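K.L.:
Structure provided below as C-alpha cells; questions to follow.
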Amino acid sequence: MRGRRTALAGALALLLATAAVVGGVVGAASQAPTVSVFASWTGDEGAVFGAVLDDFTERTGIEVEYQGTTAQREVLMSQVRSGSPPDVAILSSPGELAEYAARDEILPLGAALGEQRDAYREPWLTPLSGAEAADVYWVPVKVDLKSVVWYDPARLSPDEAVSLAGDGDNWCLGMGSDATSGWPGTDWVEDLLLQSAGPDAYESWATGTPGSWTTEEMAAAWRGVAQVLTGQGSTRATESLTQDIGVASGGLFAAEPRCALDHQSSFIRGLYGAEAPGDGVPEAAFLASSTVLPGTGGRQRGWEVAGDFAGMFRDTQEARRLIGYLASAEAQEVWARAVPDDVPSPMFANSRVPRDVYADDPAGGAVADLLRGPGPHCLDASDAMPPAMRDAFQQAVLRLLAAPDEPPDGLLAELEVARAAVTEDGGVWLSSVCG
Amino acid sequence: MTGTRRALSRRLILLLALTTAAVAALFFAYAGVHRGAGPVRDGTAPAILDVTTAQDALRQANDAARNALESGQSALVGAGGGYRIHLAVANQSLAGAAEGDVTGDTGLRALQTVSGLIVAYSGWIERAATVPDDSPLLDAYLHYADTMLNRPVTGILARLDDLQAGQRTTLADQTTFGWPGRLSWAAALLLCAALAGALLETQRFLRHRFRRRHHPWLLGATAVTLAAGALLAAGTVQTQHAKDASRDQLAATVGTWRSTSGDEPTATPADVAGAIRHTAQEVETEMRDTDWLAGLTGWVPALGPVLGALILRGLLPRLAEYRYRTR
C-alpha cells in the first residue's frame with residue numbers, strides 16, 4: 001500500500017516538475033520556411049496581393065513576409081547595400097532591376113521560371129543587354145495598359161468625350177504620389193511621343209540614344225502636354241502639382257464630377273470608387289489615347305504598357321518557388337478572383353491566364369485583349385530608364401507643369417545633359433522596350 | 001529487508017525526488033519571470049521610446065521646414081537649422097531602435113523601409129529649398145513631403161506606429177505574468193509545499209519509530225524549503241511590479257505623443273519630450289532595482305545539493321541504525 005502511495009507521489013512530483021518546465025520555458029516553435037517579398041502594393045491592393053501570397057503558403061507551406069512601399073528605390077537599395085535584401089522584390093521599373101542585374105545583385109530566373117517563360121512574349125521578358133541570351137532577370141506578375149483615356153459612359157458618349165479634350169479643366173490630373181510624385185506627367189509625355197513619333201523613335205529614346213531628348217518630335221510632345229492642360233485658359237497643369245493621383249482620378253466619378261477625362265493606366269479603375277455615390281467601383285469606359293490627344297493624327301501607333309516585375313535577390317528554394325508561382329497562370333487567376341466583385345480585375349501578361357476571369361468586367365476584358373493583341377507594346381519609358389534618368393525626367397515634368405507656358409527646350413537640353421551623364425556614370429539602358 | 005528499513009528507503013527516495021522536482025520548478029518559475037527584466041530595460045523600453053522620439057522629431061522637422069521655407073527667407077536659411085537638427089534626432093533615434101532589435105527581422109525591415117522613406121521625404125524638402133518662394137513647385141514639394149510623412153497606413157508616422165505596436169506586443173510578452181508564469185509558480189509552490197509536508201511527515205515517522213523528538217537536519221531542510229520558496233516568490237512579486245510599472249509608464253508616454261495630433265491636441269512637443277525623459281529614468285530605476293533579484297536565478301539550482309545534503313544527513317544515520325538493529 002505504502003509502495004503504491006510512494007509511487008503515486010513520485011509520479012505526481014514528476015508531473016508537476018514537467019508542468020513547471022513547460023510553463024517556464026516557452027517552447028521554440030518549429031520554424032516554417034519563409035520567403036520575404038518586397039513590392040509597392042499597399043492598402044486594398046496590398047490586401048489582394050496578400051490573398052495571392054496566402055494561396056502560395058497554402059500550396060507550399062512556405063510562409064511569406066511581405067513589405068510594401070512606394071519608396072522602392074530608397075528602401076530596396078538600403079536593404080541590398082546592407083546585405084539584407086528581400087528574397088524577391090517586385091518593382092515597376094525594369095530599369096532599376098537592370099541596374100541590380102548589372103551589379104550581379106539579382107539572379108537569372110531561368111530555373112525559377114521553367115516552362116512559364118513560354119507564356120510571355122516581348123517586351124515583357126526583355127533580356128538584359130550583354131547578358132547571356134537565355135538569361136532573363138525579371139518577370140511581370142501584373143501589368144497595365146497606359147495608352148488609354150478613361151471617361152464615364154453614363155455621362156458621355158465617346159464622341160462627346162473626344163470633344164472635351166481641348167479644355168484643360170476637363171482632365172483629371174494629379175502628380176502627388178509620395179516618393180514617386182511626378183510619374184503621371186511622364187506618362188503623358190511618353191504616350192504623346194509614342195502616338196506622334198511612333199515606336200521606333202520611342203524605343204530609340206527609351207534606350208538612351210544620344211540626342212533623343214532634343215529632337216523636334218520630343219519638343220512637340222512636351223508642348224502638346226502643356227497645350228492640352230492649358231487649353232481654354234485652364235490652370236489644371238499647375239493645380240495638378242499639389243493634387244494626389246487618387247484624389248484627382250476620383251473626381252471622375254465623384255457625386256459632383258470634377259473632371260471628365262483621365263489619361264491613366266488601367267489600374268486607376270480601382271480608385272474610381274473612392275468618391276462615387278453608392279457601393280463599388282463604377283463602370284468606366286476608355287478610348288485609345290490617339291483619338292483624344294493632339295498631334296497624333298488619330299492613329300494608334302502603339303500601346304504604352306507597364307508592369308510589376310519580380311526579380312530574385314536571393315537564390316533560395318523558397319524564392320524560386322515563389323517566382324515560379326507568381327509567374328504562373330494559376331497564381332494570376334487566383335489574383336484576379338481575389339479581387340472583390342465590385343473592383344476591376346488586374347491585368348496579366350501571361351497568355352495562359354483564361355480570358356473568362358474578365359467575364360464580369362467588360363472594360364477589363366477589352367484592356368486584356370489590347371494587352372494580348374498585336375501591339376506594338378512599348379514599356380513605360382521612364383520605368384525602363386536608369387533610375388537617375390527617370391528621376392530627372394519626373395522633375396522636369398513637374399517643372400513643365402509649374403510653368404506650362406514656357407517652351408520646353410531648356411528642360412530638354414538639361415535632360416540630354418543628364419542622359420549623357422547617366423550613361424557616362426555606367427547607367428544601364430535596356431536593349432529594347434517595344435515588342 | 002525489514003518493513004521499517006523499506007519505509008525509510010522509500011521516504012529517502014521520495015524526499016530526494018521531491019527536492020529535485022521542487023528545485024527545478026522553482027528555477028524555471030523564477031527564471032521565467034526574471035528572464036524578461038534585462039531585455040525590457042536594455043532593449044524593448046528604449047526602443048519604444050526611440051520610436052516615439054523619432055516620430056516627434058519628424059513632425060517637428062516637418063513643421064520647422066515648412067515655417068522656414070514659407071517665411072520668404074528660404075534663399076538664406078534653406079529648410080532651416082531646426083529642420084536639420086530634428087531630422088538628425090529622428091535618424092539617431094531610429095538607429096537606436098534598430099540596435100534594440102526588439103521585433104526581429106520584421107522590425108528591422110520596417111526600420112529599413114522607414115529609413116528609405118525618410119531619404120525620399122528629405123529629398124522633397126531639399127528640393128523645396130532650391131525653388132523660388134513664389135514657385136508653384138514650393139507648394140508641390142512640401143505637399144509630397146507632407147503626404148510621405150502623414151499619409152494613413154503607408155506614411156512614415158503610420159509605419160512607425162505599426163512598428164511600435166509590434167514592440168509593445170513584445171513588451172507585453174516580456175512583462176505580463178501570463179499563464180506560463182502562473183503555471184510555473186503554481187507547480188513550484190505546490191512542490192515546495194509537498195516537499196515541506198513530506199519532510200514533516202518523515203519527522204513524525206522518525207519520532208514514532210526511533211523515539212527522538214527532534215531531527216535538526218530535517219527541520220533545517222524544511223526551513224530552507226519554506227524560506228527559499230517565500231524569498232523567491234517575494235522577489236518575483238517585486239520584479240513583476242517593476243515590469244508592470246514600466247509597461248504602464250511606456251503606454252502613458254505613447255499616449256502623450258498621440259495626444260499631440262488630431263483635431264484637438266491636448267499635449268505639446270514639450271510634453272512629449274518631458275514624458276520621454278521621465279519614462280526613460282523611471283524604467284531605468286525600476287528595472288535596475290530588480291538586478292540583484294535576477295542575479296539570484298543562478299543560485300536557485302544550488303538549493304538542490306543543499307537540501308539533498310540535509311535530507312541525507314538526517315536519514316542515513318537512521319537507516320544505518322536500523323541496519324545495526326536487524327543484524
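K.L.:
Among A:355, A:337, rank each residue by its count of other Cβ atoms within 10 Å, from fewest to most, as a rough exposure measure.
P.N.:
A:355, A:337
K.L.:
Moving on. State, as an integer percentage, the relative contact order of region A:81-217 based on alpha-carbon contacts under 8 Å between residues 6 or more apart.
P.N.:
About 13 percent, as a whole number.
K.L.:
Could you calculate the FRET efficiency of residue A:227 with residue A:351 from 1/(1 + (r/R0)^6), where r is the beta carbon distance between them and R0 is 30 Å, rounded to 0.05?
P.N.:
Details: r = 38 Å, r/R0 = 1.28.
Given R0 = 30 Å and the Cβ-Cβ separation, E is 0.20.
K.L.:
Once you have the alpha carbon radius of gyration of chain A, what is it after dividing by 2.2 N^0.38 Å, with N set to its residue count?
P.N.:
Numbers: Rg = 25.4 Å, N = 435, 2.2 N^0.38 = 22.1 Å.
It is 1.15.
K.L.:
So what is the calculated 222 nm ellipticity per residue for chain B, using -39500 (n - 2.57) for each DSSP H run with n of 4 or more, over all residues, to the nearest 500 deg cm²/dmol? Walk me through the numbers on the way to the answer.
P.N.:
Numbers: 12 runs with 266 residues, N = 327.
Value at 222 nm, helices only: -28500 deg cm²/dmol.
K.L.:
How big is the protein assembly as shown along each principal axis, measuring the range of its Cα positions in Å and listing the largest first?
P.N.:
123, 61, 54
K.L.:
If you keep only loop residues by DSSP, which GluC sites (Glu not before Pro) in region A:52-132 have at most 12 other Cβ atoms within 10 Å of their Cβ?
P.N.:
A:132
K.L.:
Let me ask something else about it. Which of A:41, B:299, A:124 comes first, and how do the rest follow, when ranked by fewest Cβ neighbours within 10 Å?
P.N.:
Final ranking by Cβ density, sparse to dense: B:299, A:41, A:124.
K.L.:
Of all DSSP beta bridges in the protein assembly as shown, what percent run antiparallel (nearest 5)?
P.N.:
Of those bridges, close to 60 percent are antiparallel.
K.L.:
If I build a Gaussian network model for chain A, linking alpha-carbon pairs within less than 10 angstrom, which residue out of A:212, A:40, A:157 has the largest mean-square fluctuation?
P.N.:
Between A:212, A:40, A:157, it is A:157 that shows the largest mean-square fluctuation.
K.L.:
Further question on the same structure: Residue A:256 to residue B:101: FRET efficiency via 1/(1 + (r/R0)^6), r the Cβ-Cβ distance, R0 41 Å, to the nearest 0.05?
P.N.:
Calculated value: 0.20.
K.L.:
Let me ask another. Tilt of helix B:45-69 relative to the longest C-alpha principal axis of chain B, in degrees (0 to 90, nearest 10)?
P.N.:
10
K.L.:
Which helices, taking whole DSSP H runs in chain A, have alpha carbons extending 27 angstrom or more along the helix axis plus mean Kyte-Doolittle at least -0.5?
P.N.:
Those that clear 27 Å and a mean of -0.5 are A:2-24.
K.L.:
Another one. Taking Cα centroids, how far is region B:224-261 from region A:375-433 in Å?
P.N.:
Rounded to whole Å, the Cα centres lie 58 Å apart.
K.L.:
For chain B, take the longest principal axis of its alpha carbons; what is the angle in degrees between that and the long axis of helix B:136-150, to the nearest 10 within 0 to 90?
P.N.:
10
K.L.:
For chain A, what does -39500 (n - 2.57) per DSSP helix run (n ≥ 4), summed and divided by total residues, give at 222 nm, in deg cm²/dmol to the nearest 500?
P.N.:
The helix-only estimate for chain A comes to -13000 deg cm²/dmol at 222 nm.
K.L.:
What do you get for the angle between helix B:81-100 and the principal long axis of chain B? Use alpha-carbon atoms, 0 to 90 degrees, nearest ten.
P.N.:
Long axis of B:81-100 versus the principal axis of chain B: about 30 degrees.
K.L.:
How high is the relative contact order of chain B, given as a whole-number percent (alpha carbon pairs under 8 Å, six or more residues apart)? List each step's numbers first, then the result.
P.N.:
Details: 357 pairs, mean separation 96.1, N = 327.
Once divided by the residue count of chain B, the mean separation gives 29 percent.
K.L.:
Let me ask something else about it. Could you tally the net charge around residue B:289, taking each other residue with its Cβ under 14 Å from the Cβ of residue B:289, Lys/Arg +1 and Asp/Glu -1? It would help to have the intermediate numbers written out before the result.
P.N.:
On the way: positive: B:41, B:243, B:288; negative: B:244, B:282, B:284, B:286, B:291.
That works out to -2.
K.L.:
Normalised by the residues of chain A, what does the relative contact order come to in percent, with Cα pairs under 8 Å and at least six apart?
P.N.:
Values: 804 pairs, mean separation 111.2, N = 435.
Here the relative contact order equals 26 percent.
K.L.:
Given a Förster radius of 41 Å and the C-beta distance between residue B:252 and residue B:223 as r, what FRET efficiency does 1/(1 + (r/R0)^6) yield to the nearest 0.05?
P.N.:
Given R0 = 41 Å and the Cβ-Cβ separation, E is 0.40.
K.L.:
Next question. Averaged across B:180-186, how many Cβ atoms of other chains sit within 10 Å of each residue's Cβ atom?
P.N.:
Per residue, the number of nearby Cβ atoms from other chains is 4 on average.
K.L.:
So if I take the centroid of the Cα atoms in region B:68-141 and the same for region B:18-38, what is the distance between those two points in Å?
P.N.:
Here the answer is 48 Å between Cα centres.
K.L.:
For A:429, A:150, which order do you get if you count the other beta carbons within 10 Å of each Cβ and list the fewest first?
P.N.:
Working: A:429 20, A:150 25.
With the fewest neighbours first, A:429, A:150 line up as A:429, A:150.
K.L.:
Within a Cβ distance under 13 Å of residue A:115, other residues only, what is the Lys/Arg minus Asp/Glu net charge?
P.N.:
Computed value for this residue: 0.
K.L.:
Do me a favour and compute the ellipsoid semi-axes for region B:3-326 from its Cα gyration tensor, root of five times each eigenvalue, largest one first, whole Å.
P.N.:
66, 15, 13
Where a number appears in this text, it was derived from the coordinates with a stated rule and is not lab data. Note that this is a predicted model, so its numbers are computed, not measured. Backbone-built Cβ (ideal geometry, glycine too); neighbour counts: all protein chains shown.
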